[in-house]
Amino acid sequence: MNRQRFLPRERFQSLIDQLKAAGYDVVGPQVRDHAIVFDALTKVEQLPIGITDEQAPGRYRLEKSESRRCFDWATGAQAIKPMTFVARETLWQSERLPGGGISFHDTLTETRPVAIIGVRACDLAALSIHDHHFMRGAHPDPQYSQRRQSLFLIAVHCMRSAATCFCTATGDGPQARSGYDLVLSELDTGFILEAHTGRGLDIVLQMETEAVTAEQTEQADAGILRAARQQHRTLPAGPLQEKLVSAVEHPHWQTLNDRCLSCGNCTAVCPTCFCQTHVDEISLDGQQASHVRQWESCFNPDHSHIHGIVIRSERSHRYRQWLTHKFGTWEEQFGRSGCVGCGRCITWCPVGIDVTGELAVLCKRNEP
Amino acid sequence: MNNPFMPHEAEVIARHEETADLFSIQLRLTDPVIQSQYRFAPGQFNMLYLPGMGEVPVSIVSDPDDIHIIDHTIRKVGSVTNNLGRLQVGDRLGLRGPYGRGWPVVEAEGTDLVIVTGGLGCAPSVSLIDYVLRCQARYGHVHIIQGVKHSNDFIWHARYDLWRQYPNVEVWLTADAGDALWPWHIGPVTQFFDQLDIDPQRTSVMMCGPEGMMKAVVQDMRQRAVPDKRIWFSMERNVQCAVGSCGRCQLGAKFVCKDGPVFNYDELAPYWGHKGA
Ligand SMILES: Cc1cc2nc3c(=O)[nH]c(=O)nc-3n(C[C@H](O)[C@H](O)[C@H](O)COP(=O)(O)OP(=O)(O)OC[C@H]3O[C@@H](n4cnc5c(N)ncnc54)[C@H](O)[C@@H]3O)c2cc1C
Ligand code: SF4
Ligand code: SF4
């Protein structure tokens, strides 16, 4: 059978139903408090139908769109990062025993299989970076691995970019190319479904679908091309590690000392940021403690604290760390940039600092 | 799947007060199987855990060939280290490790060694020196240079007296400031370098201590044409996980916990000496 099938809009609910029947908890995008977030999904009507997002540096607004589409928006504040790298979770617990000993316990509990509908190309690229970070090292992360392995991913090709998107510059979108089970191309009349894994195909085969027409394929391709053409932000020619590291004393960092609030919003919304703090929390009776990991930001002075010293004591040091790591030294660590072009850090920066603009200035001097 | 973040139980076997704020503890993992499998190299570190307090990275100072005990020398600077200082013989704590890349004891074979330590009880250098002196035939001349802030800070007199007695070993001591009875030198550690008769092509330099001191040593040794790849130092950064996950110890592209804590100058040159790097 052709891997592509057409699902008319009226039958979109059958995808959710089929996933549920296959044993998955289904999660999808929906509007909450004027933003799009991922949450438990049972009905198609919960999706952001006829909603689009208007994004600009320091600005995010949801608006009504002319269409009835469910995915006619670009990105919410969070990608799917919180579903694999959880904002706060217990890594293990310790218990004081009567004789003075200490015992240690794993806290890993069974996770239910989860199907996520509406994963974007940038989010998939970020997930693949996190897979590398959390699962492929010498010490695979049990918590991350378990959640990751329970995911069934239904991607959606972007047919509309926000003004802040620049995934064409990083090479990660707007078309979702790998790392998913199923991918959707949304047309006005319905969805082209394409299975990329055996289990993805199993779901499609259970549903009542139609053959895809040449016209539908053309519409989908045109939509992806339109999204790509809507993007206007660019990046300096890479690789950038050498350029950024050698710009360590560039006077431009000082201007960031004055503009950046060090609020950490950019790191909180970035789908590839992985920094952590581990804290020990003791029970009221003092007999048990939970070792908790939570998200940390390199904009927090405590991030680089060692007794008596904060290494990155100035805001300019911290901004430099964020930008140099994300776009530069990440290349040595992961074999690619740490940026997937989602534009979230631009949108959610309260003062509208735009990484692409900063990079243009910082890398200019070093441009051949 | 093995949980890489979870400690094992360890017991305090002995403890020793070095100065008012420095102590040494000897530990043993209570599970004899885990203890017997525990191996480390000089320059590696452990994560020590106290329930309700947290975990801290500390260098291992004991003899890597002694498979029965694990020694640490710790300065009381904050909540975890102060409470580690209150532990008594028989008390339990958590331990996981060893972590990181230690000293280049194999790469440095056949060369003269200049081992420079600054500050009191610079733990990472102790196991290095003990190791080198035990395998002395593999190395040339060994210079041990110790700098302290004030002569009163100097500890481990006996250890230095012992090291001094080895053939081919020279010990150089200096303090930034000293009282009348201080028999050694006053001034920076670099003051001795002219007297060491350094052959840059067959010398390895290894150091630990305050970054300011290490910068001065690196600069001096590079001027003497010691190759960048043979100038080594142990770095300190915030460490939460010790396995390259938490991101806190990053120094440029390196993770201090797994790529270090021991680096050669060549590896860190792009980041070296820049405030806030
Ligand atoms: C590789 C390595 C080896 C070390 N070896 C030794 C040693 O042998 N002896 C010794 O006395 N000290 C050593 N230190 C320093 C020691 O880890 C800190 O003194 C200790 O973490 C301070 O914790 P605290 O809770 O007492 O202090 P606080 O100032 O209360 O620290 C709060 C928390 O900040 C973090 N933190 C603070 N300082 C450091 C630091 N320097 N490195 C990493 N995290 C830090 C810890 O998570 C700590 O729990 C080493 C550090 C590193 C990175
Ligand atoms: S750096 Fe900014 S644009 Fe790039 S992935 Fe992170 S949040 Fe998205
Ligand atoms: S760049 Fe913007 S979002 Fe990031 S810390 Fe600075 S002010 Fe906050």
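The values are calculated or read from the model by the stated rules, or taken from the named source; none is laboratory data. The structure presented is a predicted model; accordingly, all values stated were derived computationally and were not measured. Cβ coordinates were reconstructed from backbone atoms using ideal geometry, including for glycine residues, and neighbour counts include every protein chain displayed. Side chains included, ligands, DNA and RNA excluded: accessible areas come from the protein's heavy atoms. Shrake-Rupley method; radii C 1.70, N 1.55, O 1.52, S 1.80 Å.
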Original post:
In deg cm²/dmol and to the nearest 500, what is the mean residue ellipticity at 222 nm of chain A if only DSSP H runs of at least 4 residues count, each as -39500 (n - 2.57), divided by the residue total?
Top reply: -8500 deg cm²/dmol
**OP:** Amide H neighbours of B:Tyr139 under 5 Å, at least 5 residues apart or on other chains, H built in the peptide plane: list them.
**Re:** B:Gly110
**OP:** Diagonalise the Cα gyration tensor of chain B and give the resulting equivalent ellipsoid semi-axes, square root of 5 times each eigenvalue, largest first, whole Å.
**Re:** 30, 22, 19
Original post:
Cβ under 15 Å from A:Leu187's Cβ, A:Leu187 left aside: what net charge do those residues give with Lys, Arg +1 and Asp, Glu -1?
Top reply: -3
Original post:
Is the shape of the range A:143-199 rounded, prolate or oblate, going by the alpha carbon gyration tensor and its root eigenvalues a ≥ b ≥ c, with a/c under 1.5 for rounded and a/b larger than b/c for prolate?
Top reply: oblate
Original post:
Per the Cauchy relation, a quarter of the hull surface: what is the mean projected area of the convex hull of the alpha carbons in the range A:4-229, in nm²?
Top reply: 15.5 nm²
Original post:
Which whole number in µm²/s is D for the range B:147-277 by Stokes-Einstein, with the Kirkwood Rh taken over Cα pairs at 4 °C and 1.567 mPa s?
Top reply: 78 µm²/s
**OP:** Starting from 0 in steps of 10 Å, tell me what percent of the Cα-Cα pairs of the range B:99-155 lands in each bin.
**Re:** 21, 49, 25, 4
Subject >> Choice from A:Gly238, A:Gly76, A:Gly100 with maximal GNM fluctuation in chain A (Cα, 10 Å cutoff) >> reply: A:Gly100
**OP:** Tell me, for chain A, which Cys residues have no other cysteine's C-beta sitting closer than 4.7 Å.
**Re:** A:Cys70, A:Cys158, A:Cys165, A:Cys167, A:Cys260, A:Cys263, A:Cys275, A:Cys298, A:Cys339, A:Cys349, A:Cys363
Original post:
Shape of the range B:87-210 from its Cα gyration tensor (a ≥ b ≥ c, root eigenvalues): rounded if a/c is under 1.5, otherwise prolate when a/b > b/c, or oblate?
Top reply: oblate
Original post:
What helices does chain A hold that run 27 Å or longer along their axis, going by alpha-carbon atoms, with a Kyte-Doolittle average of -0.5 or more, using DSSP H for the helix calls?
Top reply: none
**OP:** Return, for the Cα atoms of the range B:8-99, the radius of gyration and Dmax in Å, separated by a comma.
**Re:** 12.0, 36
Original post:
Considering only protein heavy atoms, what is the solvent-accessible area of B:Asp176 at a probe of 1.4 Å, reported in Å² to the nearest 10?
Top reply: 100 Å²
Original post:
Total accessible area buried between chains B and A, 1.4 Å probe, in Å² to the nearest 100?
Top reply: 3800 Å²
Subject >> For the range B:8-99, with +1 on Lys and Arg beta carbons and -1 on Asp and Glu, the positive-most of B:Leu93, B:Gly54, B:Gln44 along the dipole >> reply: B:Gly54
Subject >> Dipole of the protein assembly as shown, positive end: most advanced residue of B:Thr174, A:Pro251, B:Leu251 [Cβ charges, Cα centre] >> reply: A:Pro251
Original post:
Going by a ≥ b ≥ c, the root eigenvalues of the Cα gyration tensor, does the protein assembly as shown fall in the rounded group (a/c under 1.5), the prolate group (a/b larger than b/c) or the oblate group?
Top reply: prolate
Subject >> Between the range B:206-235 and the range A:1-73, the alpha-carbon center distance in angstrom >> reply: 58 Å
Original post:
Based on Cβ point charges of +1 for Lys and Arg and -1 for Asp and Glu, what charge dipole magnitude is obtained for the protein assembly as shown about its Cα centre, in debye rounded to the nearest 20?
Top reply: 1020 debye
Original post:
Using +1 on the beta carbon of Lys and Arg, -1 on that of Asp and Glu, and nothing else charged, what's the dipole of the range A:99-174 about the Cα centre, debye to 20?
Top reply: 200 debye
**OP:** Quick one: dipole size for the range B:112-268, taken about the Cα centre, charges +1 on Lys/Arg Cβ and -1 on Asp/Glu Cβ, in debye to the nearest 20.
**Re:** 480 debye
Subject >> Residue-averaged 222 nm ellipticity for chain B, from DSSP H runs of 4+ at -39500 (n - 2.57), nearest 500 >> reply: -5000 deg cm²/dmol
Subject >> For the range B:102-117 versus the range B:7-35, the gap between their alpha-carbon centres in whole angstrom >> reply: 27 Å
